[in-house]
């Protein structure tokens with residue numbers, strides 16, 4: 001059953017339309033990510049859900065209730081911002097306890113709930129520390145605990161990890177997903193980082209120009225992009241026109257779409273019975289950890305391959321190679 005529902009939601013500032021016809025159905029306990037470039041409208045959706053911004057039109061429902069006349073403080077929607085927004089003159093304990101004290105809970109109940117939440121985010125030993133004494137990752141966990149301790153119906157996360165370095169960000173992604181599963185809480189994350197979206201989400205809504213470009217599980221979004229925008233944004237796809245893919249494959253195949261996409265890792269050196277063959281000249285290779293990304297040139301078209309870093313599969317620049325791709329990995333775009 002849908003827990004968070006947006007029906008034909010749009011937002012307009014004077015002559016500028018920020019959101020157009022947004023329809024979303026999010027299940028109770030689901031972790032959903034709004035993924036897209038800056039300015040696509042994803043943060044506006046969070047602000048509309050929280051009540052900080054009014055929609056120009058459409059309907060927003062949470063747990064079966066229309067939010068139109070419900071104030072932000074009565075929606076039971078938590079929000080974690082990129083900036084943390086911690087009180088600098090309060091300890092970790094006091095920051096986490098602040099929201100629940102506003103609910104007039106008894107002091108012994110406040111202590112029990114804050115203690116449980118600090119244990120959950122691994123900060124019990126830091127409860128007497130002040131924000132300036134914490135690392136960025138620890139401050140972000142305090143902000144998360146402060147939002148979680150009041151047990152919101154929905155937790156909104158507006159690019160909460162983007163200011164952290166890569167190693168801490170990946171660690172907190174794992175922790176965030178574990179906390180979400182333990183609490184069985186509905187969470188909606190906004191990010192422009194496709195790897196982050198893939199690692200934490202049950203479903204992803206890819207957004208572009210105030211609209212939903214595609215919705216699906218991480219696997220569905222990654223393996224079957226529907227449009228050129230999604231293919232380019234989600235996974236470094238090679239995108240070809242109908243004419244380009246026809247010349248590259250060199251077979252008389254039925255081409256029904258105007259554009260096609262192939263993932264870099266789907267292009268390989270081992271031929272199968274059904275493989276399409278691509279003849280191309282190797283360009284530069286770049287090592288990215290355990291992956292080597294190589295640029296190839298064929299018929300005035302440039303494309304890339306990605307292979308695991310094995311010495312036997314390195315390509316010599318300027319040499320022509322026979323590469324292969326399976327028919328099911330040539331994806332038609334709409």
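The values are calculated or read from the model by the stated rules, or taken from the named source; none is laboratory data. Note that the structure is a prediction, hence the values are computed from the model and not measured. Cβ atoms come from the backbone with ideal geometry, glycine included; neighbour counts cover every protein chain shown.
Applying the criterion of at least 2 residues that are surrounded by fewer than 17 Cβ atoms within 10 Å (Cβ to Cβ) to the strands (runs of 3 or more DSSP E) found wholly in region 287-334 leaves 291-298, 301-308, 320-325.
Each residue in region 273-294 was checked for being more than 11 Å from residue 305 (Cβ to Cβ) and touching a strand residue (DSSP E or B) at 6+ places or on another chain (Cβ under 7 Å), and 8 pass. In region 240-283, the residue that is surrounded by the most Cβ atoms within 10 Å (Cβ to Cβ) out of those that are in contact (Cβ under 8 Å) with a residue 40 or more places away in the chain and assigned to a helix (DSSP H, G or I) is 248. Identify, from the list 8, 28, the residue that is touching a residue at least 24 places away in the same chain (Cβ under 8 Å), in contact with a strand residue (DSSP E or B) (Cβ under 8 Å, 6 or more places away or on another chain), surrounded by fewer than 21 Cβ atoms within 10 Å (Cβ to Cβ) and on the phi > 0 side of the Ramachandran plot. Of the residues listed, the single one that is touching a residue at least 24 places away in the same chain (Cβ under 8 Å), in contact with a strand residue (DSSP E or B) (Cβ under 8 Å, 6 or more places away or on another chain), surrounded by fewer than 21 Cβ atoms within 10 Å (Cβ to Cβ) and on the phi > 0 side of the Ramachandran plot is 8. Taking the criterion of being touching a residue at least 12 places away in the same chain (Cβ under 8 Å), under 22 Å from residue 123 (Cβ atoms) and in contact with a helix residue (DSSP H, G or I) (Cβ under 8 Å, 6 or more places away or on another chain), would at least one residue in region 197-212 satisfy it? The answer is yes, given that some residue of region 197-212 is touching a residue at least 12 places away in the same chain (Cβ under 8 Å), under 22 Å from residue 123 (Cβ atoms) and in contact with a helix residue (DSSP H, G or I) (Cβ under 8 Å, 6 or more places away or on another chain). On the basis of being at pLDDT 90 or above, surrounded by fewer than 18 Cβ atoms within 10 Å (Cβ to Cβ) and not in a strand (DSSP E or B), does residue 232 make the cut? Yes, satisfied.
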